[in-house]
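Only one structure is covered here, and it is reproduced in the block below.
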């Protein structure tokens, strides 16, 4: 699996789902979260039966650049902020995930 993953952070495992890696749990979760959202969006778009309109390359490049260069929000890592927000949501629900 490590050889197949190489320097990437997402590995699709045929009939076994997806494996993700990251520098931290928050980083791995962030990757999985947005991978799942992208997959859901693609399936919904394809299920419409309409011809898909692709995003132009310049827009893709600019979006990717903005995403990778804006890793901090007021000095804090946006991935850690996102993960902390999700944990607060679970805490409000009284979940026992932290036990």
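Which members of the range 9-24 meet the condition of being within 26 Å of residue 81 (Cβ to Cβ) and surrounded by 10 or more Cβ atoms within 10 Å (Cβ to Cβ)? Can you show your working first?
Just the residues of the range 9-24 that are within 26 Å of residue 81 (Cβ to Cβ), to begin with: 9-10, 18-24.
Answer for the range 9-24, where residues must be within 26 Å of residue 81 (Cβ to Cβ) and surrounded by 10 or more Cβ atoms within 10 Å (Cβ to Cβ): 9, 10, 18, 19, 20, 21, 22, 24.
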(request) Of the numbered conditions (1) out of contact with any helix residue (DSSP H, G or I) (no Cβ under 7 Å at 6 or more places or on another chain); (2) surrounded by 10 or more Cβ atoms within 10 Å (Cβ to Cβ); (3) not in a helix (DSSP H, G or I), residue 32 fails exactly one; give the number of that condition. (result) (3)
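May I ask you to list the residues in the range 42-51 that are surrounded by fewer than 11 Cβ atoms within 10 Å (Cβ to Cβ) and not in a loop (DSSP other than H, G, I, E, B)? So that I can check it myself, show each step before the final result.
Applying the first criterion (surrounded by fewer than 11 Cβ atoms within 10 Å (Cβ to Cβ)) to the range 42-51 yields 43-44, 46-51.
If the condition is that a residue be surrounded by fewer than 11 Cβ atoms within 10 Å (Cβ to Cβ) and not in a loop (DSSP other than H, G, I, E, B), then 43, 44, 46, 47 are the ones that fit.
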(message) The conditions are (1) assigned to a helix (DSSP H, G or I); (2) touching a residue at least 12 places away in the same chain (Cβ under 8 Å), and residue 19 fails exactly one of them. Which is it?
(response) (1)
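Return yes or no: is residue 39 in contact with a helix residue (DSSP H, G or I) (Cβ under 7 Å, 6 or more places away or on another chain) and surrounded by 10 or more Cβ atoms within 10 Å (Cβ to Cβ)? I'd like the intermediate steps shown before the answer.
Working: in contact with a helix residue (DSSP H, G or I) (Cβ under 7 Å, 6 or more places away or on another chain): no; surrounded by 10 or more Cβ atoms within 10 Å (Cβ to Cβ): yes.
So residue 39 does not fit the description; no.
Please find, within the range 61-76, the residue that is modelled with the highest pLDDT out of those that are under 15 Å from the mean Cα position of the chain (by Cα) and surrounded by 10 or more Cβ atoms within 10 Å (Cβ to Cβ).
Going residue by residue through the range 61-76, those that are under 15 Å from the mean Cα position of the chain (by Cα) are 63-64, 67-68, 71.
Add one more test, that the residue is surrounded by 10 or more Cβ atoms within 10 Å (Cβ to Cβ), and what stays is 63-64, 67, 71.
On the way: 63: 91, 64: 88, 67: 82, 71: 81.
Here the residue is 63.
The values are calculated or read from the model by the stated rules, or taken from the named source; none is laboratory data. All values reported here derive from a predicted model rather than from experimental measurement. Cβ coordinates were reconstructed from backbone atoms using ideal geometry, including for glycine residues, and neighbour counts include every protein chain displayed.
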